[in-house]
Amino acid sequence: MSRTDLLVIAPGNGRLIYQELAQEYAAIEPPIWAGMLANSARHAGYEVAIVDQEAQGFSAEKVAAEAATHDPRLIAIVVYGQQPSASTQTMTAAGEVAAALRRAGADAPVVLLGGHPSALPERSLLETEVDAVCQGEGPHTLRALLALDDPADRRRWHEVPGLWYRSDGGVSSNPRAPLIPAEELPELLPGVAWDLLPMERYRAHNWHCFGHLDRRTPYGSIYTSLGCPYRCAFCCINAPFGKSSFRYWPPEFTVAQIKRLRAEYGVRNLKIADEMFVLNERHYLAICEGIVREGIDDLNIWAYARVDTVKSEPLALMRRAGVRWLCLGIESASRFVRDGVRKGKFGREQIFDTVKRIRDAGIYVIGNYIFGLPDDTFDSMQETLDVAMELNCEMANFYCATAYPGSALYERAVKEGWPLPEEWHHYSQHSRWSKPLPTETLSGEQVLAFRDWAWQVYFTNPRYLEMVRRTFGIVTVRHIRKLTAIRLEREHLWTPEGEETPRVEQIA
């Protein structure tokens with residue numbers, strides 16, 4: 001067997017991140033960035049392989065053993081995640097894999113890439129047993145390493161853009177690689193190497209398949225754009241890019257990717273992972289028109305939108321193209337709280353109007369809400385929950401404000417000395433060790449207690465369950481009831497003295 005030039009490893013430990021939810025309810029998502037970087041190297045003429053730790057159910061030791069069978073010249077551990085925050089929470093698994101590779105005697109250099117490593121390159125290098133860290137998107141850095149006669153030749157690492165590495169007892173760093181221009185995306189990031197991934201193992205989120213929970217596989221996920229033009233203080237989306245930016249693949253390129261996923265892999269359930277798909281009307285409508293024109297008429301797509309970017313006229317076309325769910329970052333019912341994290345200027349009336357227009361078009365809504373933003377009080381969190389209950393969206397995600405590396409909120413937390421999670425997987429919203437930020441009036445433990453209580457209140461609400469029964473059927477209602485019976489274990493959950501569980505009226 002010929003030697004592999006590049007082995008791409010996507011680390012992951014769903015049980016550590018999601019607890020019992022990983023078993024049946026959470027998605028198992030294809031690692032888009034790992035697949036894109038692998039395809040980028042292959043497109044440049046290199047022999048490439050991928051190991052997806054979570055999907056393949058590998059321990060760190062098994063990943064190292066699998067790596068040895070490929071005898072790679074270079075190993076890339078890709079820690080991008082399925083949304084920006086997932087990069088940080090995956091760092092624990094990435095560190096375990098790097099240590100296992102070292103114990104197994106891997107002689108290929110190991111480079112770490114992703115959102116979190118880009119945000120904290122020196123710390124990521126010093127905290128793990130990798131040889132180098134890439135700060136930036138990755139294609140230029142990986143291709144430059146592979147172009148060396150021997151990627152392990154450290155004498156030439158100063159030539160590699162975006163590389164951080166140990167040198168003379170310290171740390172050396174090279175300037176970032178330039179951002180890939182939009183017109184070069186199809187060449188440098190030519191889609192995902194689906195054929196190198198265990199496609200049969202991926203499954204959609206449970207809510208994505210409400211009404212047909214027995215058809216969560218096959219499942220695919222793609223980007224049609226990179227970055228985000230907004231600067232929400234809690235978001236770390238632009239950490240790999242070094243600045244706020246937005247670049248698009250050509251619509252025809254994206255439609256071809258979707259057509260291939262449907263024809264070759266039977267994918268109907270599709271996530272468009274763009275941080276903001278419904279923004280540039282010319283772009284997303286061209287994709288929807290292309291899907292309709294190609295006759296792909298049975299897709300189940302979900303994508304992100306903003307309350308203040310959804311227009312009524314395109315919704316019918318989006319629905320015909322297979323967009324079944326739109327996710328809205330409502331975050332807080334309080335405009336004052338949203339202003340504090342630079343999250344839009346929309347108000348209550350616009351929130352309700354946008355949700356109604358989407359649902360009138362036959363598209364379901366996922367409402368995203370955040371408790372514990374810096375200006376939050378008990379009353380403002382209750383106001384947010386009240387709005388969520390009144391909107392009664394088909395799905396709701398309740399998050400706690402967390403300072404993710406690469407976000408303005410993280411910089412502020414470090415500057416102010418706010419308490420942060422002790423380990424990277426503690427940044428997971430669902431982990432046992434989740435530790436949200438405090439506010440001016442509430443501790444992080446109180447915020448977490450409110451979040452867990454609010455989640456139960458929403459999903460056991462008779463009005464919500466009746467809406468689900470009418471929309472998706474009784475099987476989905478039973479599924480939700482089974483889900484609400486699960487209680488996440490929490491190390492940092494506030495409880496009144498002498499009691500085992502919090503009562504929300506005491507949190508205030």
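The values are calculated or read from the model by the stated rules, or taken from the named source; none is laboratory data. If you're wondering where the values come from, they're calculated on a predicted model, not measured in any experiment. With ideal geometry, Cβ positions are generated from the backbone for all residues, glycine too; neighbour counts draw on all protein chains shown. Keep in mind that these areas ignore ligands, DNA and RNA; they rest on the heavy atoms of the full protein, side chains included. Shrake-Rupley method; radii C 1.70, N 1.55, O 1.52, S 1.80 Å.
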Notebook entry, point to check: When the gyration tensor of segment 1-132 is built from Cα positions, what are the square roots of 5 times its three eigenvalues, in whole Å, from largest to smallest?
Noted result: 22, 16, 15
Check: Tally Lys/Arg at +1 and Asp/Glu at -1 over every other residue whose Cβ is under 9 Å from the Cβ of Leu448; what's the total?
Finding: +1
Notebook entry, point to check: Hey, what do the phi angles of segment 53-67 turn into as Karplus ³J(HN,Hα) couplings, whole Hz, using 6.51/-1.76/1.60 and θ = phi - 60°, x for Gly and Pro?
Noted result: 4, 5, 5, 8, x, 8, 6, 4, 5, 5, 4, 5, 5, 5, 4
Item checked: Near-label residues of segment 142-165 by backbone N, under 17 Å of a point 7 Å along Cα→Cβ of Asp71 -> 150-152
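Between Gln350 and Arg215, what is 0.36 nm times their sequence separation minus the Cα-Cα distance? Round to one decimal in nm.
Values: separation 135, 0.36 × 135 = 48.60 nm, distance 3.46 nm.
45.1 nm is the gain from fully extending Gln350 to Arg215.
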Item checked: Sulfur and carbon atoms: percent of accessible area, the chain [1.4 Å] -> 47 percent
Note to self: Could you sort His43, His430 by their accessible area in this structure, using a 1.4 Å probe and putting the largest first?
What the structure shows: His43, His430
Notebook entry, point to check: Cβ under 15 Å from Arg260's Cβ, Arg260 left aside: what net charge do those residues give with Lys, Arg +1 and Asp, Glu -1?
Noted result: -1
Next item on the list: Would you mind checking which residues have amide H under 5 Å from Ser221's amide H? H placed 1.01 Å from N; only 5 or more apart, or other chain.
Entry: Lys271
Item checked: Heavy atoms of Lys356 accessible to a 1.4 Å probe, total area in Å² rounded to 10 -> 120 Å²
Check: Averaged per residue, what accessible area in Å² does segment 99-206 show with a 1.4 Å probe, protein chains only?
Finding: 41 Å²
Item checked: Virtual spin-label span in nm between Thr484 and Thr377, 7 Å along Cα→Cβ -> 3.0 nm
Item checked: Projected label distance in nm at Lys62 and Ala408, using a 7 Å step from Cα toward the beta-carbon -> 4.4 nm
Next item on the list: Order Lys415, Lys243, most accessible first, counting only protein heavy atoms with a 1.4 angstrom probe.
Entry: Lys415, Lys243
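What does the net charge come to around Pro240 if you take all other residues with beta carbon closer than 10 Å to its beta carbon, with K and R at +1 and D and E at -1? Walk me through the numbers on the way to the answer.
On the way: positive: Arg176; negative: Glu137.
The answer is 0.
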Check: Quick one: if you stick a label point 7 Å off each Cα along the C-beta vector at Glu187 and Glu440, how many nm between them?
Finding: 5.3 nm
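At 222 nm, what value in deg cm²/dmol follows for the chain if DSSP H runs of at least 4 each add -39500 (n - 2.57) and the sum is divided by all its residues, to the nearest 500? Don't skip to the end; give the middle numbers.
Numbers: 22 runs with 195 residues, N = 508.
Helix-only estimate at 222 nm: -11000 deg cm²/dmol.
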Check: Dipole magnitude of the chain about its Cα centre, charges +1 at Lys/Arg Cβ and -1 at Asp/Glu Cβ only, in debye to the nearest 20?
Finding: 1120 debye
Note to self: Residues of segment 381-417 with backbone nitrogen within less than 14 Å of a virtual label 7 Å along the Cα-to-Cβ line of Asp308, please, listed as ranges.
What the structure shows: none
Checklist line | Per-pair calculated FRET efficiency, R0 = 41 Å: Ala99 and Ile474 via Cβ, rounded to 0.05 | finding: 0.30
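What number, in nm² with one decimal, is the all-direction average of the projected area of the convex hull of the alpha-carbon atoms of the chain?
On the way: hull surface 92.3 nm².
Mean projected area for the chain: 23.1 nm², to one decimal.
Compare the peptides 44-57, 471-484 by average per-residue count of other Cβ atoms within 10 angstrom and give them in order, highest first. Spell out each step's value before the answer.
Working: 44-57: 19.8, 471-484: 15.3.
Those peptides, ordered most packed to least, come out 44-57, 471-484.
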Next item on the list: Would you please classify the overall shape of segment 62-189 from the alpha carbon gyration tensor, given that a ≥ b ≥ c denote the square roots of the eigenvalues, rounded means a/c under 1.5, and beyond that prolate means a/b larger than b/c while oblate covers the rest?
Entry: rounded
Notebook entry, point to check: Leaving out ligands, DNA and RNA but keeping every protein chain, what accessible area does Phe378 have, in Å² rounded to the nearest 10, with a 1.4 Å probe?
Noted result: 40 Å²
